[in-house]
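Working notes for the structure below.
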Amino acid sequence: MKFSLFTLFMTAAAANLGGAAATPLAPRDVYVPPVLYPHAGTVWFVGQRHNVTWDNSNPPKQITNKIGRIMLRKGSRIISVILADNFSILLGHIEVTVPWVEDGSDYQIENAAVFGDSGNFSPLFTISGS
Ligand SMILES: *[C@@H]1O[C@H](CO)[C@@H](O)[C@H](O)[C@H]1NC(C)=O
Ligand SMILES: *[C@@H]1O[C@H](CO)[C@@H](O)[C@H](O)[C@H]1NC(C)=O
């Protein structure tokens, strides 16, 4: 148990580092803004609608890919559910419906450019009510 929790934590940390590394420090035209909501402590119930939001305050001057995609991940699973697709990243938010997934406190939202190679992960949050 301890081992698997540790593994999960390390995987999540690695995923977050990956997301952070993808955030442009130097000008870069694949723009992946950080997720603001859901945040740590968020609880979503199956079937609810929520606005996933992200920080649009500092976009680069040139954005090649403005089309976004929001995915749901659980723990270190590679399987991901697409919650929203084909929207403008410049919107700053997109409404999603919480899908019928098993209860868990290790969900993450990934905000990704549709044609980008990496995304930004939200902190772990909870989905309940299935
Ligand atoms: C999401 O944001 C839009 C625009 O602000 C708003 O109209 C809508 O009611 C919001 N949806 C939810 C579930 O809060
Ligand atoms: C994506 O959105 C654009 C603009 O709303 C629309 O023209 C296009 O058909 C959509 N593409 C897909 C694959 O849904």
Contour excess over end-to-end distance, with Cα ends at residue 100 and residue 88 and 0.36 nm allotted per residue: 1.8 nm
Correct semi-axes for the stretch 38-92, from √(5λ) of the alpha-carbon gyration tensor and rounded to whole Å with the largest first, are 23, 14, 12
Taking amide hydrogens as modeled 1.01 Å from N in the peptide plane, which residues meet the under 5 Å criterion relative to residue 85, leaving out close sequence neighbours? 70
Working out 0.36 nm times the residue gap between residue 81 and residue 51, then minus their Cα-Cα distance, what length gain in nm do you get to one decimal? 9.2 nm
Using a 1.4 Å probe and counting only protein heavy atoms, arrange 94, 82, 70 so the residue with the most accessible area comes first. 82, 94, 70
Accessible area (Å², 1.4 Å probe, nearest 10) - residue 130: 60 Å²
Rounded to the nearest 10 Å², the 1.4 Å probe accessible area of residue 74 is 30 Å²
Taking a probe of 1.4 angstrom, what is the accessible area of residue 39 in Å², to the nearest 10? 90 Å²
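The values are calculated or read from the model by the stated rules, or taken from the named source; none is laboratory data. Source: prediction; values computed, not measured. Just so you know, the surface numbers come from the protein's heavy atoms only, side chains and all, with ligands and any DNA or RNA stripped out. Shrake-Rupley method; radii C 1.70, N 1.55, O 1.52, S 1.80 Å.
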